[in-house]
Amino acid sequence: MGIYMVSVTAEDWHDGDEGGRAEIASGLNRELGGRGLPPYAPGPGPAPRFEEKMIAPMDGFAELCREHGVDDLLAWSVLVPVSLDSEITVATQEEPEEPVTIAGAPQVLLMAELLAASVPLPPEVLAASGPLALTSWYVDACAREVPGADRTFHTALYLHAARHCLAHGCPVLYS
């Protein structure tokens, strides 16, 4: 159990069943239409799965975000491959008191790249690919040798999530 950051297939994005994201998808498209933007639909076909477990403490990473003026990097719960001037908030029936905050992957990528320039990212972290690759790195003994491994983990996580979202046209969200 725990909190994961995962990619969402086109089928799951439009699925109205529990766990489906149809309500978020329709709310996003309403808001995009209100901004004069076209509706968003995930890319066709299967994309490689993105999945990482949120195991590292966030305090050091939150401090890093504040130091660099990118607090918005922490504000989203759904990431889409659409350029957004500001986050979109969508209320859902499942969690009416806690709206979903949707961010654009191009903006998240820029913020993550800014942080990556200030945090040493080991080659194995930059090259991490496949489900739970960063999570495995973090729990492995080699991560303990990296000063600020929690900052490194989260910086790489947000960087990889934004790149995956843009490369495959699929949403990424917390689950």
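The values are calculated or read from the model by the stated rules, or taken from the named source; none is laboratory data. Please read these numbers as outputs of a predicted model, since none were measured by experiment. Positions of Cβ are generated from backbone atoms using ideal geometry, with glycine treated the same way; all protein chains shown enter the neighbour counts. Heads up: the accessible areas ignore ligands, DNA and RNA and are worked out on the full protein's heavy atoms, side chains in. Shrake-Rupley method; radii C 1.70, N 1.55, O 1.52, S 1.80 Å.
Quick notes on this one:
Here's the yes/no breakdown for (1) closer than 18 Å to S26 by Cβ; (2) touching a residue at least 12 places away in the same chain (Cβ under 8 Å); (3) in contact with a helix residue (DSSP H, G or I) (Cβ under 6 Å, 6 or more places away or on another chain):
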{"site": "D72", "(1), (2), (3)": "no, yes, no"}
{"site": "L79", "(1), (2), (3)": "yes, yes, yes"}
{"site": "S83", "(1), (2), (3)": "no, yes, yes"}
{"site": "Q93", "(1), (2), (3)": "yes, yes, no"}
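- Single residue of the range 131-163 satisfying the filter (open to solvent by less than 40 Å² (accessible area, probe 1.4 Å) and small (G, A, S)) that is nearest to A56 (Cα to Cα): A149
- Members of the range 24-71 that are of a type in the set (D, E, K, R) and touching a strand residue (DSSP E or B) at 6+ places or on another chain (Cβ under 7 Å): E31, R49, E51, E52, K53
- Qualifying position, being closer than 17 Å to V8 by Cβ, part of a helix (DSSP H, G or I) and touching a residue at least 60 places away in the same chain (Cβ under 8 Å), among L134, L157, L173: L157
- V108 aliphatic (A, V, I, L, M) and outside any loop (DSSP other than H, G, I, E, B): yes
- Only a single criterion out of (1) on the phi > 0 side of the Ramachandran plot; (2) of a type in the set (A, V, I, L, M); (3) touching a helix residue (DSSP H, G or I) at 6+ places or on another chain (Cβ under 9 Å) is not satisfied by L132, namely (3).
- Qualifying position, being of a type in the set (A, V, I, L, M), open to solvent by less than 20 Å² (accessible area, probe 1.4 Å) and under 17 Å from the mean Cα position of the chain (by Cα), among I3, I102, I55: I102
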